[in-house]
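The values are calculated or read from the model by the stated rules, or taken from the named source; none is laboratory data. Here the structure is a predicted model, which means the values were calculated and not measured. Backbone-built Cβ (ideal geometry, glycine too); neighbour counts: all protein chains shown.
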Amino acid sequence: MYSWKNKFKFGKSKEEKEVKHTSGFFHHNDAKQEEASSHKNSDMSRKETITDDSPSVIAPMRSSRDASSTATSTTNLSDELSQFSNSGPEINENVDQHQDIAGSQPIPNTSTSSSGVMTIKVYNGDGFVLPFPITANNQILSKLLNSGVAHAEQHSSQPHAVNVDQLISQLSRVTINNQGPGDESLIPDEISSKFIPATILLPGSNKLNPLLYFTIEFDNTVATIEPEYGTMEQPIFNKISTFDVTRKLTFLKVDVFARIPSILLPSKTWQQKMSASDEKLKGMLEKINWNEDIHLDTFHLPINLQIDSAANIRLYNHHWVTLDNGFGKINLSVDYKPSKNKPITIDDFDLLKVIGKGSFGKVMQVRKKDTQKIYALKAIRKSYIVSKSEVTHTLAERTVLARVDCPFIVPLKFSFQSPEKLYFVLAFINGGELFYHLQKEGRFDLSRSRFYTAELLCALETLHDLDVIYRDLKPENILLDYQGHIALCDFGLCKLNMKDEDKTDTFCGTPEYLAPELLLGQGYSKVVDWWTLGVLLYEMLTGLPPYYDEDVPKMYKKILQEPLRFPDGFDRDAKDLLIGLLSRDPTRRLGRNGADEIKNHPFFSQLSWKRLWMKGYIPPYKPHVSNAADTSNFDQEFTKEKPVDSVVDEFLSESVQKQFGGWTYVGNEQLGSSMVQGRSIR
């Protein structure tokens, strides 16, 4: 129950009153004075992160702070954000000329933006096969087919309608007797899917349960497409799904899953013998026996959204998509409609559940009314962030999120404001914090640690390419998505406009992860992030950071002086990588010449970085979430509360309101036209 609960600096829950764990998706510090006096934490919760208004350089366990000796003024921040906005990869910027003053009336912007709506129509599938045979037990198959066809008979006039009697009569002709080590009767893998329904009705339920389904992912937003009827070989979907497009990515990712009843598997003898030399088959069979879904196949569908037109465009018309490994194909159409820069408000969302709250405001799970997509919406009271001097961090985070384009970073979908509040709308990531999973399991195996490290390396490389230093890498700031991929969040401590050789001297970060050059006040550059990546890899492999000590000053001394030690039997390549990443001399640290220097290390020799970037590898762990809207990883203290965007009666002067100019984001950088007094943004 740790996922996202603390990702937004939610005030103090029961656990937080004891632990005082306040990492966050957004950097707001609710209780710094109290936390600054607490140096120990019995359950290894993080020391508090150091921030610019920290009362002490010594920070308690284990959140993030920024202790700058000279606070950045809002005016200087505006210059910094302006420089950042003009650096890095080009994007389609549309400068709105309206003023950001309370009471001003917005002028409609009729130009075409980089945003729009993509509609995907999925008709049917064909040729789906399983990579293993199934039992030829007539009684089992007949019962299973009847439970699925009971619904399909309503569609008997439709193509591909299933006739149970005909299928059962074919069993004797396709069954291979005395097959495999168990000398049993099996249906070969290439035709086994013909005898499995696409959906079934479970006893006592009137809801269809899919045995085959697939997901479509675009910009970290996922739609699950389930069949209405048919067999697993020829499923009929007839479904429509829409996606908000706020950045013009070049592909859709399709992943196909099967939910195979374990009773259909061959005998245990067959499973043991046939999977002994086939790790992939072994993993599939284990998941089926644990009642888990298996990943069958994947495909990346190229899409071209670089359209200079306001008209609806059909990108694919009844197009057959053949999956990468040939396990089936899907028939679909894709339409894209660019949208004008119409304002977006809180009224464009259905409020579903509260998933966090604090003195700053609250975070809610929401559904966008037009596309029906699920997002996380954070409402922040302007008066709160002004009083806490958090304007700098909040604007910096919004700027980074609007610019970054990486599959392993939580993307910003929209941002908007009212006279009283700022709103972030982000992809809803519901697989839990990496910190929670690491605490639960103690440590990760080598393969899992390598997978997470590689995806994080891509995320940090993306930020560095934009001249951004992250500065606060730790398990609390890393989420897992529904499949188990990394999603980096919390950009409140980012430093913008840092060229390769530029240095900054702000004392910030999490004590366990602080680099030696930061502790020594020597100034630091982008390579400080490679130190934190090394600390994280070490912690994933061993369960603790390399120089961890409950006594903070003693831990700082260890970071500066103690030799790096490894447990017995530590992997040779991992050890060599960590020695390079945890070099105390930043001029000799691995990564000083860029991320490629780390990517080329033997530890990653078996990885295809292109495949990794495309999310082409199956994650080593899949979080237990039932669907894209699942909130089981959120604290019930919040989810049981009624979601309401509460009314705030606070007046902010015109000069204060001007600090939030350029907040709005609907797919491009809109510098202005942010809000109107008395109502949300219209």
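Worth a mention:
- The residue of the range 184-217 that is modelled with the highest pLDDT, among those that are among the acidic types (Asp, Glu) and more than 14 Å from LEU265 (Cα to Cα), is GLU217.
- Within the range 508-523, the set of residues being under 29 Å from the mean Cα position of the chain (by Cα) and either closer than 11 Å to ILE469 by Cβ or modelled with pLDDT of 90 or more (or both) comprises CYS508, GLY509, PRO511, GLU512, TYR513, LEU514, ALA515.
- Of the numbered criteria (1) crowded, with 16+ Cβ neighbours inside 10 Å; (2) over 29 Å from the mean Cα position of the chain (by Cα), the one ASP293 fails is (2).
- Condition met for VAL656 (assigned to a loop (DSSP other than H, G, I, E, B), of a type in the set (Val, Ile, Thr) and modelled with pLDDT under 95): no
- Residue in the range 639-646 that is surrounded by 14 or more Cβ atoms within 10 Å (Cβ to Cβ) and free of Cβ contacts under 8 Å to residues at least 40 places away in the same chain present: no
- Options GLY616, GLY569, GLY580: the member that is in a loop (DSSP other than H, G, I, E, B) and under 28 Å from ASP465 (Cβ atoms): GLY616
- Residue satisfying condition, being in contact with a strand residue (DSSP E or B) (Cβ under 7 Å, 6 or more places away or on another chain), farther than 29 Å from ASP529 by Cβ and either in a helix (DSSP H, G or I) or not basic (Lys, Arg) (or both), within set VAL648, VAL625: VAL648
- The set of residues in the range 321-339 that are over 17 Å from THR242 (Cβ atoms), assigned to a strand (DSSP E or B) and touching a residue at least 24 places away in the same chain (Cβ under 8 Å) comprises VAL321, LYS329, ILE330, ASN331.
- Search result, residues across the range 416-437 that are under 19 Å from LYS369 (Cα atoms) and either aromatic (Phe, Trp, Tyr) or touching a helix residue (DSSP H, G or I) at 6+ places or on another chain (Cβ under 7 Å) (or both): PHE416, TYR423, PHE424, PHE428
- Any chance PHE435 is more than 26 Å from ARG611 (Cβ to Cβ) and crowded, with 22+ Cβ neighbours inside 10 Å: yes
- The set of residues in the range 117-146 being touching a Leu at 6+ places or on another chain (Cβ under 8 Å), under 27 Å from ILE240 (Cβ atoms) and either modelled with pLDDT under 90 or among the charged types (D, E, K, R) (or both) consists of LYS121 alone.
- Restricting the first member to the range 586-604 and to residues that are β-branched (Val, Ile, Thr), and the second to residues that are assigned to a loop (DSSP other than H, G, I, E, B), the beta-carbon pairs closer than 6 Å and six or more apart or on different chains are ILE598/LEU590; ILE598/GLY591.
- Single match in ALA459, ALA402 (criterion: part of a helix (DSSP H, G or I), within 16 Å of the chain's Cα centre (by Cα), small (Gly, Ala, Ser) and over 30 Å from SER646 (Cα atoms)): ALA459
- Across the range 462-481, the number of residues qualifying as part of a loop (DSSP other than H, G, I, E, B) and surrounded by fewer than 23 Cβ atoms within 10 Å (Cβ to Cβ) comes to 2.
- Residue match in the range 592-615 (condition: surrounded by 19 or more Cβ atoms within 10 Å (Cβ to Cβ) and among the polar types (S, T, N, Q)): no
- Residue within the range 331-344 that is among the hydrophobic types (A, V, I, L, M, F, W, C), under 24 Å from the mean Cα position of the chain (by Cα) and at pLDDT below 95 present: yes
- Residues of the range 220-252 satisfying the condition of being charged (D, E, K, R) and surrounded by 19 or more Cβ atoms within 10 Å (Cβ to Cβ): GLU228, GLU233, ASP244, ARG247, LYS248
- Test: residue in the range 274-297 that is touching a residue at least 12 places away in the same chain (Cβ under 8 Å) and of a type in the set (Phe, Trp, Tyr): no
- Filtering the range 345-395 to residues that are small (Gly, Ala, Ser), out of contact with any His (no Cβ under 9 Å at 6 or more places or on another chain) and not in a strand (DSSP E or B) leaves SER383, SER387, SER389.
- Condition check for LYS248: in a loop (DSSP other than H, G, I, E, B) and closer than 24 Å to TYR336 by Cα: yes
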